[in-house]
Every structure is written in structure tokens, then in C-alpha cells.
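Following: one structure in C-alpha cells, then a few remarks.
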Amino acid sequence: MLVVPARVPATRRLAATLYGYAFLTDLVLLYPLYVLLFADTGLSVGQISSLFVVWSAAGILLEIPSGAWADALSRRLLLCLAPLLTAAGFALWVLLPSYPAFAVGFLLWGAGGALRSGALEALVFTELDRLGAADRYARLIGRTRTAEVLGAVGSGVLAGPVFAFGGYLAVGAASVLTCLLAAVVAARLPEHRAPVTAPAADRPVSTGAGPGEEAADDEPGWRESLRGGLAEVRADRAVRAAVLLVAAVAAIWGGLDEYTGLLARDTGVAEATVPLLLLLVWGGMTVGGLLAPLGERLSPRGYAGLLVVAAAAMAAGALLRHPAGFLLLALAFAAFQLATVLADVRLQARITGGARATVTSLAGMATDLTTVAFYGGYGLLAGALGNPAAFAVAVLPYLLVALWLRTGRG
């Protein structure tokens with residue numbers, strides 16, 4: 001009985017800090033306009049797609065090492081550093097708008113995303129588990145995704161007026177400021193966790209060294225964290241399937257999100273109206289995150305049906321080639337957001353070892369690898385068919401994912 005009064009304030013403090021961090025991380029006024037910045041600088045759709053590949057490649061290279069660092073060092077520290085790297089990238093974009101500056105900016109943004117990926121989910125689940133509240137993870141992480149989307153919604157509301165006032169320079173300055181504020185909030189996140197232990201077969205054998213050296217062997221390092229995470233994915237089929245599901249669900253719709261600005265402009269609306277159409281998409285994503293607790297009740301068949309409905313709505317909304325089609329896109333993004341949160345919940349529930357951030361980062365790396373392939377394919381599709389048809393073709397793989405889930409292998 002004495003645990004409950006301590007648990008409630010602790011979980012509320014964690015939630016409030018987490019939501020603030022998530023909101024500020026995505027309150028980036030460049031979000032609804034950066035694709036237009038690239039196009040106004042003279043870049044083609046193919047060149048823009050190549051920048052997205054650079055973005056993903058940075059995440060791929062750093063995803064697993066950053067997860068191991070988070071397990072071995074400090075997840076909170078990495079969450080503080082992530083927005084600082086992103087801020088540096090945004091500053092480059094608006095101060096030196098050119099393909100090389102955009103590429104370096106995406107490298108920094110990708111590095112920041114890698115530092116955050118895995119560390120955030122692991123910190124939240126570990127803290128909730130410590131408080132005896134692991135059952136609240138789906139609700140908390142779903143609301144966190146919603147806070148991120150609300151940040152993006154705020155950027156959509158503010159981007160137009162700020163752009164009208166000071167152009168891309170003003171929008172970039174505001175984006176840098178919110179990233180700096182996110183770093184400050186991250187410093188207030190709690191962090192309590194047990195040391196990482198590698199599987200018995202991978203642990204170093206004692207050499208009979210003195211007390212000081214023996215203590216050093218017991219101190220977890222990033223290599224031990226990496227071995228522990230890789231061993232769990234390799235040995236546990238359920239964890240491996242959950243890692244693959246995260247990548248299969250998150251990669252394509254996450255990639256398509258980067259092209260919604262171009263799709264909106266293809267409907268014939270003015271550039272100042274583009275952020276307003278994107279608000280519909282972000283509104284759908286907000287609803288999807290809030291539905292996570294209800295979504296946990298879905299059976300595997302229901303989850304597969306959710307993906308089919310999302311893919312159909314995405315294709316239909318894009319092919320309408322009309323602003324009204326963004327209502328269907330909002331439905332699709334709501335369903336995909338819910339599906340992604342549920343895939344993450346399944347992964348966290350199946351991880352049993354101490355290298356939680358490393359395993360989660362493996363899922364992030366798999367997602368990034370899939371996204372890189374998607375960006376390359378989308379650039380070719382959009383160049384040949386246009387953005388609406390490319391959107392419709394891009395979601396076809398979700399039908400295969402749904403079929404895979406129906407077979408009971410997910």
C-alpha cells in the first residue's frame with residue numbers, strides 16, 4: 001500500500017518530462033517546409049531522395065553502436081546530445097543552403113536520431129518496470145508519439161506565419177531554439193537501471209586478477225552490451241520476429257511522410273496552404289497514438305486488417321489528386337501510427353535481457369535499411385509515375401506483411 005503514493009507521482013513526473021521532450025523534439029518549424037527549401041534551392045526529386053538516403057545511412061551506421069552506448073553509459077546523456085546535433089544540422093541548412101550543406105545536415109540529424117532511437121524506449125520501459133508499472137508502457141509511449149505529432153502540428157501552425165515574417169532563416173532559427181530546449185528537458189529525465197550482463201558463454205573468464213582488476217571486468221562496457229543484445233536477437237525467435245515487424249511496419253509509411261509536402265503541392269494548392277494539409281496528416285497520427293491502449297486488444301488477424309485498411313486509405317487518398325484526399329491520408333497515417341506503436345510494445349514485452357536499448361536499436365537499424373531501399377525506389381517511381389501513383393504503389397508491401405501476420409509467424 002505504501003508503494004502506490006510513491007509510484008503515481010514518479011510515473012507522472014516521468015510522463016510529463018517525456019511528453020515535453022517529445023513535443024519539443026518535433027516542434028521544428030522546418031518540418032513542413034524543408035522539402036520545399038530543397039526544391040527552391042534547385043534540387044530535383046531524385047536529389048532530394050538521395051539526401052534521405054544520406055539521412056538513413058547515418059542512422060544505420062550509428063544505430064547499433066549508439067544502442068550499446070546507451071546500455072553501457074547513460075541513456076539520458078544520449079537523449080540530451082541528440083537534439084544538439086540536430087540543431088547544428090538545421091543551422092547549416094538555412095545559413096548555407098546547398099546540396100553539400102543539406103547532406104551534412106542530414107548526417108547530423110541522422111546521428112541525433114540514432115542516439116535517441118533505442119535509448120528513449122529503453123529508458124521509459126526500464127523506469128516503468130522499476131516502478132512496477134510496465135503495463136503502462138503502451139499508454140505512455142503512445143502518448144509520447146502523440147506529443148511528437150502535436151509538436152509537428154505546432155510547427156505546421158507556426159511555420160507559415162514565421163516564414164512570411166522572416167523566410168527560411170527565421171524558420172531555421174526557431175527550429176534550432178526548440179532543439180536546444182529539448183536538450184534541457186532531457187537532462188531532467190530519470191535514469192535508474194541494473195548493469196548489463198552478457199550471456200554466460202560470452203562473459204570474460206576470470207584470470208585471478210587482483211580486486212581492482214576484477215571489479216573492472218564486472219563493469220559493463222559497450223561491447224558487452226552489444227554482445228548481450230545481439231545474442232538475445234539471435235537466440236530468441238520471438239524477439240527476432242518482433243524486430244522484423246517493427247521494421248516492416250514503420251519503414252514505408254515513415255518514408256512516405258517525407259514526401260507528403262510534395263504530394264500536397266501536386267494537388268494545386270499554394271505553398272502557404274501546404275502546412276494546413278499536413279495538419280490533417282498529423283492530426284491522424286495524433287489519434288493513432290492515443291488509440292494505443294485500445295489497440296493492444298487487437299488479435300493478430302485484427303492487426304493484419306489494420307495494415308490492409310491503412311494501405312488502402314493511403315493509396316486512395318493519394319490517387320484522388322485533390323486536397324480532399326488528405327482526409328483519407330489522415331486515416332491512413334492514424335492506422336500506421338497505431339500499428340507502429342503496437343509493434344514497439346510487442347518488441348519491448350519480448351525483450352528479457354539487460355541490453356534493451358541495443359535490441360531496440362537493432363530494430364531501428366532494420367527500419368533504416370528498409371527505408372534506404374524505399375527512398376531509392378520512390379525516387380524512381382515518382383520520376384516515372386508522379387507522386388500520387390508512387391504513393392499508391394509504395395504501400396503494396398503492407399499486404400505481404402498482413403499475409404505474414406495471418407500465418408502466425410509475426
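Here are some notes:
So that you can scan it fast, the table gives a plain yes or no per residue for (1) closer than 24 Å to TYR137 by Cβ; (2) open to solvent by less than 20 Å² (accessible area, probe 1.4 Å); (3) in contact with an Asp or Glu (Cβ under 7 Å, 6 or more places away or on another chain):
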site: GLY254; (1), (2), (3): yes, no, no
site: VAL274; (1), (2), (3): no, yes, no
site: LEU280; (1), (2), (3): no, no, no
site: ALA292; (1), (2), (3): yes, yes, no
site: ARG301; (1), (2), (3): yes, no, no
site: VAL308; (1), (2), (3): no, no, no
site: MET314; (1), (2), (3): no, yes, no
site: LEU320; (1), (2), (3): no, no, no
site: PRO323; (1), (2), (3): no, no, no
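- Residue-level analysis places VAL28 among those that are open to solvent by less than 30 Å² (accessible area, probe 1.4 Å), outside any helix (DSSP H, G or I), at negative phi and touching a residue at least 60 places away in the same chain (Cβ under 8 Å).
- PRO388 at pLDDT 90 or above, farther than 30 Å from LEU107 by Cβ and not in a helix (DSSP H, G or I): no
- The set of residues in segment 59-88 that are under 14 Å from TRP109 (Cβ atoms), open to solvent by 10 Å² or more (accessible area, probe 1.4 Å) and modelled with pLDDT under 90 comprises ILE60, LEU61, LEU62.
- Among (1) over 30 Å from ALA332 (Cβ atoms); (2) modelled with pLDDT of 65 or more; (3) part of a loop (DSSP other than H, G, I, E, B), the one test that ARG193 misses: (2)
- Filter pass, VAL239 being within 17 Å of the chain's Cα centre (by Cα) and closer than 23 Å to TYR303 by Cα: no
- Residue in segment 256-272 that is surrounded by the most Cβ atoms within 10 Å (Cβ to Cβ), counting only those that are among the hydrophobic types (A, V, I, L, M, F, W, C) and at pLDDT below 90: LEU262
- Selection within segment 252-281: residues that are in a helix (DSSP H, G or I) and of a type in the set (Val, Ile, Thr). The member of this set that is nearest to the chain's Cα centre (by Cα) is ILE252.
- Residue count for segment 146-177, restricted to those that are modelled with pLDDT of 90 or more and of a type in the set (Val, Ile, Thr): 3
- Residue in segment 132-141 that is part of a loop (DSSP other than H, G, I, E, B) and hydroxyl-bearing (Ser, Thr, Tyr) present: no
- Selection from segment 346-368 of residues that are open to solvent by 10 Å² or more (accessible area, probe 1.4 Å), touching a Gly at 6+ places or on another chain (Cβ under 7 Å) and part of a loop (DSSP other than H, G, I, E, B): GLY353, GLY354
- Qualifying residue in segment 376-392 (condition: open to solvent by 20 Å² or more (accessible area, probe 1.4 Å) and within 19 Å of the chain's Cα centre (by Cα)): no
- Pairs, first under 16 Å from GLY386 (Cβ atoms) in segment 314-331, second open to solvent by 20 Å² or more (accessible area, probe 1.4 Å) and assigned to a loop (DSSP other than H, G, I, E, B), C-beta under 7 Å, six or more apart: ARG321/THR267; HIS322/THR267
- Some residue of segment 95-103 being hydroxyl-bearing (Ser, Thr, Tyr), in a helix (DSSP H, G or I) and surrounded by fewer than 21 Cβ atoms within 10 Å (Cβ to Cβ): yes
- Boolean, GLY284 is of a type outside the set (A, V, I, L, M, F, W, C) and under 17 Å from the mean Cα position of the chain (by Cα): yes
- Residue within segment 343-366 that is at pLDDT below 90 and within 30 Å of PRO275 (Cβ to Cβ) present: yes
- Picking from residues in segment 393-410 that are at pLDDT 85 or above and outside any helix (DSSP H, G or I), the one that is least open to solvent (accessible area, probe 1.4 Å) is VAL395.
- Residue match in segment 126-146 (condition: closer than 20 Å to PRO83 by Cα, open to solvent by less than 20 Å² (accessible area, probe 1.4 Å) and either in contact with a strand residue (DSSP E or B) (Cβ under 8 Å, 6 or more places away or on another chain) or not β-branched (Val, Ile, Thr) (or both)): no
The values are calculated or read from the model by the stated rules, or taken from the named source; none is laboratory data. Small disclaimer: the values here were computed from a predicted structure and weren't measured. Neighbour counts run over all protein chains shown; Cβ positions are idealised from the backbone, glycine included. When the accessible area is computed, the model is the full protein with side chains, heavy atoms only, and any ligands, DNA or RNA have been set aside. Shrake-Rupley method; radii C 1.70, N 1.55, O 1.52, S 1.80 Å.
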